[in-house]
Amino acid sequence: MTGPYDQHHMPRELAVTCPACGACATFHFAAAREIERNSDKPYFEASKAFEVRRVFRNGWQSTAIYYFGLGAKGLDNIEDLPDGYSASDWHHRRYSGQGQRGAIVCGSCGLRRKHRLKWPDDAFFQIEFRGRVLWAFDRQSMVSLIAYVEAADRKPQRRRGQETFLIKVPSHFLAAKARDRVARRLRDRLAVSDDRRWSERGGVKQ
């Protein structure tokens, strides 16, 4: 599935391939809030938790960008925000400037860094079948995708949120002659992720 996707229906966190070790890592979308007063800019410019950028939104505005997963204390533990700002301002917003900005956090090698998302190229849960790529957002949507591919009856039904991507799965992957091989490759990819999770937990499945 290489066609367009709706960012608003993507989860706030995605399963991506770690650029350092190749394991399944987590990409967190950055969030931004406009800086209301020029007098507030020095605080955000000096803060290690935020990055200040100018974006064009009905005119140029300075915004404070927070990268989830990188802050030493975590957003909810920042207690010295200027008057009129709260942690919830960033929890419910997504950076909408140029590029898909965020941060990668890898539990396997410990990588933590800013990252500009290239979707679906960065997707960990993806397979190739006859020259085309099929992907899922994360482990949960991968499980849903496998069930969808394997289903003998795909009667139209109303899907919400991130599951709307299932409606866009091309028939290339759903044809009767392809279904078993596609599902097998999807399950093999899912197993790679589960094996890594099991190993990271000390060999004890939870």
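May I ask you to verify whether Glu79 is part of a loop (DSSP other than H, G, I, E, B) and on the phi < 0 side of the Ramachandran plot? Taking the combined requirement at face value, the residue satisfies it.
Taking each residue of the range 3-29 that is open to solvent by 50 Å² or more (accessible area, probe 1.4 Å) and looking for partners that are of a type in the set (S, T, N, Q) and modelled with pLDDT of 95 or more with beta-carbon atoms closer than 7 Å, six or more apart or interchain, yields Glu13/Thr26.
The one condition from (1) assigned to a strand (DSSP E or B); (2) closer than 10 Å to Val16 by Cβ; (3) open to solvent by 30 Å² or more (accessible area, probe 1.4 Å) that Ile104 does not meet is (3).
The residues of the range 113-152 that are among the aliphatic types (A, V, I, L, M), touching a residue at least 24 places away in the same chain (Cβ under 8 Å) and open to solvent by 40 Å² or more (accessible area, probe 1.4 Å) amount to a single one, Val143. Only residues that are out of contact with any His (no Cβ under 9 Å at 6 or more places or on another chain) and surrounded by 17 or more Cβ atoms within 10 Å (Cβ to Cβ) were counted in the range 68-92, giving 6. The residue list Asp80, Asp121, Asp138, Asp89 contains one member that is among the acidic types (Asp, Glu) and within 22 Å of Arg57 (Cβ to Cβ), which is Asp89. Exactly one residue out of Arg189, Arg197 is among the basic types (Lys, Arg), in a helix (DSSP H, G or I), open to solvent by less than 100 Å² (accessible area, probe 1.4 Å) and at pLDDT below 60: that is Arg197.
Looking only at residues in the range 44-67 that are within 26 Å of Leu14 (Cβ to Cβ), part of a loop (DSSP other than H, G, I, E, B) and open to solvent by 40 Å² or more (accessible area, probe 1.4 Å), the one that is modelled with the lowest pLDDT is Arg57. Among the conditions (1) touching a residue at least 12 places away in the same chain (Cβ under 8 Å); (2) at negative phi; (3) in contact with a helix residue (DSSP H, G or I) (Cβ under 9 Å, 6 or more places away or on another chain), the only one that Ala103 does not satisfy is (3).
The values are calculated or read from the model by the stated rules, or taken from the named source; none is laboratory data. Just so it is clear, the model here is predicted, and its values are computed rather than measured. Counting neighbours? That spans all protein chains shown, and the Cβs are built from the backbone with ideal geometry, glycine included. Ligands, DNA and RNA are stripped out before the accessible areas are found, and what is left, the full protein with its side chains, is counted by its heavy atoms. Shrake-Rupley method; radii C 1.70, N 1.55, O 1.52, S 1.80 Å.
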